[in-house]
1. In nm, to one decimal, how far is the modelled label at A143 from the one at D83, with both set 7 Å along Cα→Cβ?
2. Sort H131, H117 from largest to smallest accessible area, using a 1.4 Å probe on the heavy atoms of the protein chains.
3. Report the full-extension gain for the segment D277 to K75: residue separation times 0.36 nm, less the Cα-Cα distance, to one decimal in nm.
4. Taking H as built 1.01 Å from N, whose amide H comes closer than 5 Å to the amide H of F79, not counting residues under 5 places away?
5. Using modelled backbone amide H atoms (1.01 Å from N, in-plane), which distant-in-sequence or interchain residues come within less than 5 Å of F147's amide H?
6. Tell me, what ³J(HN,Hα) does each residue in region 223-233 have, in order and in whole Hz, if you take phi through Karplus 6.51 cos²θ - 1.76 cosθ + 1.60 with θ = phi - 60° and put x for Gly and Pro?
7. I'd like the Karplus ³J(HN,Hα) series for region 303-319: coefficients 6.51, -1.76, 1.60, θ = phi - 60°, whole numbers in Hz, and an x wherever there's a Gly or Pro.
8. Through the Karplus equation 6.51 cos²θ - 1.76 cosθ + 1.60, θ set to phi - 60°, convert the phi angles of region 88-105 into ³J(HN,Hα) values in whole Hz; use x for Gly and Pro.
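The values are calculated or read from the model by the stated rules, or taken from the named source; none is laboratory data. The structure presented is a predicted model; accordingly, all values stated were derived computationally and were not measured. Neighbour counts run over all protein chains shown; Cβ positions are idealised from the backbone, glycine included. Ligands, DNA and RNA are stripped out before the accessible areas are found, and what is left, the full protein with its side chains, is counted by its heavy atoms. Shrake-Rupley method; radii C 1.70, N 1.55, O 1.52, S 1.80 Å.
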Amino acid sequence: MLLKEEVLGRNEAAYAREEKSVPRQPEEDEKACFLGLGFPPPPRKSVVVVVGYALTSKKTKSFLQPKLEGLARNKGILFVAIDQNRPLSEQGPFDIVLHKLSGKEWRQILEDYRQSHPEVTVLDPPDAIQHLHNRQYMLQEVADMNFSDSYGKVGVPRQLVVKRDASSIPDAVSGAGLRLPLVAKPLVADGSAKSHELSLAYDRYSLQKLEPPLVLQEFVNHGGVMFKVYIVGEAIKVVRRFSLPDVSRKELSKSAGVFPFPRVSCAAASADDADLDPSVAELPPRPLLERFAKELRRRLGLRLFNLDIIREHGTRDHYYVIDINYFPGYGKMPEYEHIFTDFLLSLAQSKYRKRSSA
């Protein structure tokens, strides 16, 4: 195919330039750097897409699993670790840069690289990612969409941002008209352990025990099940996870205090095989998710994220987005290896189609 020949030819030229400008590493070093493991690199003529990755060691381990690495190798996708101790512009050449690192310095490095290397696809723009790190703004695009169609409505729970002075929280909650119970979430959502320290507050006076800055979000009864909607470009995968149980008015009247609760959406809490009430277990309609995700991708400027969505208990079509996470734990997503490698190949194909038609 002409398209493939163009891609291969470009990569062959790039490798030739790299060999002239960068001293070759010993063969064992080259093997070790491929896909982060001991896989020997594929023959160079079979390399279609070169992906530079800058991930934490934890994310590298969870994402670059052997099955993904082997499938990528067979499809001609070469993963190369980005050396954070060397200028990014001196590394590569890359077709795609995949990243999930924090810090202003890294964001500036990546932004400079995007400006000077427009031919490289950066997943995703650092400023767009930063938008999701603050829960004050995280759900704003969803709220602004006021999304609804024949399959249902998607909104966000009412929430209140508290940046300081815990003693003022009870009056602020009353003034905002928020109903108890309330979920308390740290304002910063940077993927750290602290950003996942959530609490459920049952009475207004106990709210003074919370530690700002934080976001208070109305708890919506949802049958104890949430839907994790993974988005990889245009691909969507949905899984069920057990969540917090519903809180009845009777229970609320007898309960007081603020209670921390563990992260409820981990893979160990899978509800896909559980014997659930069909009204609770039924996945959100596919057409609804596709239309909603398409518009949200455009508004956020992101292609790799997931949504935590709940259905209001007692309704068939009222949904709420309660969290958005950039570059989530795709290793927990069924069939993520095929979905992700197909996505990477589609990016390369789209880019070269544009070039050939220019």
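1. Computed distance between label sites A143 and D83 equals 4.6 nm.
2. Final ranking, largest accessible area leading: H131, H117.
3. 68.6 nm
4. Distant-sequence amide H within range of F79: L35, V51.
5. Residues meeting the amide H criterion: V154.
6. Once θ is set to phi - 60°, the couplings for region 223-233 become x, x, 9, 10, 10, 8, 9, 8, 10, 10, x Hz.
7. 10, 10, 7, 9, 10, 9, 10, 10, 9, 4, 4, x, 10, 9, 9, 9, 10
8. So the Karplus estimates, Gly and Pro as x, are 4, 5, 8, 9, x, x, 10, 8, 9, 10, 10, 8, 7, 10, 10, x, 5, 4 Hz.
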